[in-house]
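So the structure is just underneath, and the comments pick up after that.
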Amino acid sequence: MASEIGQAIAAGILGGGVYALMAAGLTLIFGVLDIINVAQGIFVVLGAYLSYVLSVHLHLDLLLGLFITVPAMFVIGVVIYWLFIRPLRGAERTSMTLLACFAVALIIEGVLYQEFGSNYVSLNAWYTTASVHLFDFYLADIYLIGFGLAAVAFGALYLILYRTTFGRAVRATMQNQVAARLIGIDVNRVSAVTFGIGTAVTAIGGMVYGAISGGFTPNSSYDLISRLLAIVILAGMGSIGGALVTAIFMTTVEALVDIWQPDWAVVVFYLAMVIILTFRPAGLFGRRAVRAQ
Amino acid sequence: MTSDRAAGKAPAGDQKVTPNPATTAPAPVTVPAGTRHAWPLRSRSLSVTGVAVLIAAIAVFPLVFTNPTATNFGVITLIFVAVASAWNMFSGFSGYLSLGHAVFYGTGAYFLVVAAKDWNLNGADVFWLLPLAGAVAALIAVPLGLVALRVRRHTFVVITIAFFFIAQLSASNLTVTGGSSGVLAPIPNWAGATFNNPFYYLAMLLAAAAVVISVLIRRSVFGLQLRAIRDDEDRAAGLGVRAMPVKLAALVLSAFFTGMAGALWVYFIGQAVPQFVFDPLFDLAVVLMAFFGGLGTIAGPVLGALILEPTQLYLNLQESNSYESEILFGALFLVVILFLPRGVLPTAGEWLTTGRIQRLRGDWQAWRARRTANRPVPPAAGNLS
Amino acid sequence: MSGTLRAEGVSKSFGGLQALADCSLTAPAGRITGLIGPNGSGKTTLFNAITGYERVDSGQVYLDDRRITGASPQRVFALGVGRTFQLTRIFPRLTVLENMLVPANRGRPARERREHAMDLLTFTGIAGHAGSLAGTLSYGQRKLLELAYVLVADPAVVLLDEPAGGVNPSLIHHIADRIRELNSAGRTFLIVEHNMEFVMGLCHEVTVLDSGTVVASGPPEVIRTDPRVLDAYLGTEAADD
């Protein structure tokens, strides 16, 4: 029993790191652009499919493939932002951007269905099935790799945000868009690049997800986006560090519940969110005003 | 009050504008021609005859088009008219976009099938369960609303999504809802060529009721407060509007109709299965319909549903898979959002209304110029000193 | 219908910024009190504290003898305190008349409410726009609309945040006249303004705020030449005099 619990905790922490990365992308986009990118789930799936294509058709190793998929997703993100999000203005901007993201997600999902059908596929490499034996636990290699990638990506994100001029511009925009404009920050450019970064991390998440999940289809995006949203909302919009902690917390809780009640594990995920939000509407680490818009 | 007397007493020289004589008599506010109004406010432009014709057309539709596929489309479309109107009743007026209305739809649906099974109801008797199903949905809207309506709009949308998934997953796991294989609806004890007709007319009644209630809300102080909340909730609160009760009431009403629609639907299609009852695309379709027709208007969701739902059904019929309809809908959605943000119909309506006014003035040139310029010009502001 | 508004020792800080520090002021019933001070002196924060949009860290606010510290905005409104905002907050997608019908109106029947609303619109001079969307109004007209709808519930005390800000001069006279009329009927006014002519010409008393505390208070002629006031606005040079 102890080892089962330990196992669950370990899997929770490692898996949580990956979810945290994808959630970080989401919360970053929210913080800078003030929009909820509900297409993040399908982006992850898209990233997974890209890795799949590279792996199966070009026989490229999954990790090496990342060098292609990450920039590719970055570009896709920037393009989508420029074409579909940037032109939206006006009183209903928050709802419209949300729906625009939904629409984009729908289109991508349809295209993926057309291309790949609804069969389950998964990503495979020598390390997706191997595991490391540590004390009493078996830690799947891919989980460790995933966590490692997430750590690297988080590190890179931190460096960008806190050690570059661009990062400073991003943080300024997050705090006050109008003021940022006034001091000469090109908010459009910052927004576009941020959206691109938020999308690029899904390439990594996608690859890991594709390898861990044991099979995915375009339909998997719903499960993904709902978890990511739950994590981000619970953490409090705009808090990247909070997203990390919350993601790990949620996945660990789910992994633990899974030991006893596998059917209900996922529900617990959402229930936890709802319950916590009832008492702390701004989220655990939220810094925004509580008042309804 | 003294301010009124003060206003009355003010010598003519003080006022820089001539007081409008119409204001000393009760209300009807005179509207100068050419003043730009939002299309929904003067929905009298959708003349009474036009609406009557529409209702008549809908009423005789199944008698004229007896083909079961056609009436099939009719039933589902009318159900969506009801659902879209109900959704708009809450989300359109308050500005809180709900992506979880499927929860109410599904609750109504499951209530009907489970109650019909437990209470051994058959045939036409099952229809008596409809208002009950609505009531159950309305009841669960209360705790859901109390939790979800305390947060800002972004978070609200996400919470509704979370509720949706909780509902879907619960339905898949609970025994009372039959788990993932679902529950069968009772089999109606009528059949034949006119099988669809009772469903059709009930759906029509439901849609009509939803629209009527929407109109009543819009004309009431309650509706005014809702719309004020949409524009600036904090300001409204500071003026004495009690936001939570108002929002909650709208949600409960909305849930009531949505629940009934779900119950009617499940009886029609015969089975309640979690993935179909709680379909993630359900709310998206409803939102698109409302947006398409014009968010927050009365006619908008109705016309949006009347146009989009048959289209979707037709596409599903044509393609062996529904993926092309997904792409199409997504693209359509983007087009509407990017180019016609107030909805197709208000924009078209605006062209029509200004067209009419200009024609009345006999000024064809201006009308043509307006049509190509695509936007009517707002009146010169500041006729004050 | 009289109402004396009193703030005693109110303090409020935002993180490291002390917006209000032991601030005390009185707006006597039936008088027009002006509140001036350099930018950042805490005037709007004080308004927010009085009307419940901010919680105070310490101190009390009284309406007549009733303590209203920390009451919600709805409650403060219901007790008879109306308030406008610096950046006009109206309901843009409602018509002007509908804007007037939003404030809770003590259970009057519908017809009376509309009449009352139209009367107020006539009083402020924008009745001609009653059927237009409030979003189409010019800036000055919005100020008038805000003034009008704040009066719907017949508040005893009216707080105006920069009523003359950014408005053209002839309109400013119009607004000042309206305020005088309302005041002659007994309403208390507390007005934040930067426009000195407006303040000095209209107010019975002026209070000066600087860095969150009251530095001077008295009739306009006295305040105008008070060295502490000059000091607050211009810096330490005046203090050397």
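The values are calculated or read from the model by the stated rules, or taken from the named source; none is laboratory data. All figures in this text were calculated on a predicted structure; none of them were measured in a lab. Here Cβ is always computed from backbone atoms with ideal geometry, including for glycine, and neighbour counts include all displayed protein chains.
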Please work out which one of (1) modelled with pLDDT of 90 or more; (2) more than 22 Å from B:Gly74 (Cα to Cα); (3) surrounded by 17 or more Cβ atoms within 10 Å (Cβ to Cβ); (4) not small (Gly, Ala, Ser) is the condition B:Pro245 fails and give its number.
(3)
Pick out, from the stretch B:1-100, the helices (runs of 4 or more DSSP H) lying fully within it that include 3 or more residues that are away from every other protein chain (no Cβ under 14 Å) and at pLDDT 80 or above.
B:48-64, B:68-87
Answer yes or no: is there a residue in the stretch B:287-296 that is within 14 Å of chain C (Cβ to nearest Cβ) and either of a type in the set (A, V, I, L, M, F, W, C) or out of contact with any helix residue (DSSP H, G or I) (no Cβ under 8 Å at 6 or more places or on another chain) (or both).
yes
Would you check if A:Phe269 is away from every other protein chain (no Cβ under 13 Å) and among the aromatic types (Phe, Trp, Tyr)?
no
Do any helices (runs of 4 or more DSSP H) entirely within the stretch A:172-290 hold 2 or more residues that are under 21 Å from the mean Cα position of the chain (by Cα) and modelled with pLDDT of 80 or more, and if so, which?
A:187-212, A:220-235, A:240-260, A:262-279
Kindly check whether there is at least one residue in the stretch A:159-178 that is crowded, with 21+ Cβ neighbours inside 10 Å, among the small types (Gly, Ala, Ser) and free of Cβ contacts under 8 Å to residues at least 24 places away in the same chain.
yes
Would you check which residues across the stretch C:78-98 are closer than 13 Å to B:Gly240 by Cβ and surrounded by fewer than 22 Cβ atoms within 10 Å (Cβ to Cβ) and list them?
C:Ala78, C:Leu79, C:Gly80
Out of (1) more than 8 Å from every other protein chain (Cβ to nearest Cβ); (2) touching a helix residue (DSSP H, G or I) at 6+ places or on another chain (Cβ under 7 Å), the odd one out for A:Ser226 is which?
(1)
Close pairs (6 angstrom Cβ cut-off, 6 or more residues apart or separate chains): on the phi > 0 side of the Ramachandran plot and of a type in the set (Gly, Ala, Ser) in the stretch A:211-231, at pLDDT 85 or above and outside any helix (DSSP H, G or I) anywhere:
A:Gly215/A:Tyr120
Return only the number of the condition from (1) modelled with pLDDT of 90 or more; (2) more than 9 Å from every other protein chain (Cβ to nearest Cβ) that A:Tyr143 does not satisfy.
(1)
Taking the stretch C:52-62 and keeping only residues that are modelled with pLDDT of 90 or more and crowded, with 22+ Cβ neighbours inside 10 Å, one is left with C:Val61
Single match in C:Ala29, C:Ala7, C:Ala49, C:Ala21 (criterion: assigned to a loop (DSSP other than H, G, I, E, B) and among the aliphatic types (A, V, I, L, M)):
C:Ala29
Among B:Val273, B:Val302, B:Val286, which is the only one that is of a type in the set (A, V, I, L, M, F, W, C) and within 18 Å of B:Tyr201 (Cα to Cα)?
B:Val302
Taking only the stretch B:251-293 into account, find how many residues are over 12 Å from the mean Cα position of the chain (by Cα) and of a type in the set (Val, Ile, Thr).
5
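Check whether at least one residue in the stretch B:213-221 is within 10 Å of another protein chain (Cβ to nearest Cβ) and modelled with pLDDT of 85 or more, and report yes or no.
Checked against the condition, which is being within 10 Å of another protein chain (Cβ to nearest Cβ) and modelled with pLDDT of 85 or more, the stretch B:213-221 yields at least one hit.
Could you check the stretch C:148-167 and list, in sequence order, the residues that are closer than 17 Å to C:Leu94 by Cβ and surrounded by 23 or more Cβ atoms within 10 Å (Cβ to Cβ)?
Restricting attention to the stretch C:148-167, the residues satisfying the condition of being closer than 17 Å to C:Leu94 by Cβ are C:148-150, C:152.
The answer is C:Ala148, C:Tyr149, C:Val152.
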When the residues of the stretch C:194-218 are filtered to those that are at pLDDT 90 or above and assigned to a loop (DSSP other than H, G, I, E, B), which remaining residue is farthest from the chain's Cα centre (by Cα)?
C:His204
In the list A:Val78, A:Val104, A:Val56, which residue meets the criterion of being modelled with pLDDT of 90 or more and surrounded by fewer than 21 Cβ atoms within 10 Å (Cβ to Cβ)?
A:Val78
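State whether one or more residues within the stretch C:99-107 are farther than 26 Å from C:His194 by Cα, among the small types (Gly, Ala, Ser) and either in contact with a Leu (Cβ under 6 Å, 6 or more places away or on another chain) or crowded, with 23+ Cβ neighbours inside 10 Å (or both).
Within the stretch C:99-107, none of the residues are farther than 26 Å from C:His194 by Cα, among the small types (Gly, Ala, Ser) and either in contact with a Leu (Cβ under 6 Å, 6 or more places away or on another chain) or crowded, with 23+ Cβ neighbours inside 10 Å (or both).
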Apart from one, (1) surrounded by fewer than 18 Cβ atoms within 10 Å (Cβ to Cβ); (2) at positive phi all hold for C:Gly16; the odd one out is (2)
Which residue is surrounded by the fewest Cβ atoms within 10 Å (Cβ to Cβ), if the candidates are limited to the stretch A:30-53 and must be closer than 22 Å to A:Val111 by Cβ, away from chain B (no Cβ under 12 Å) and aliphatic (A, V, I, L, M)?
A:Val53
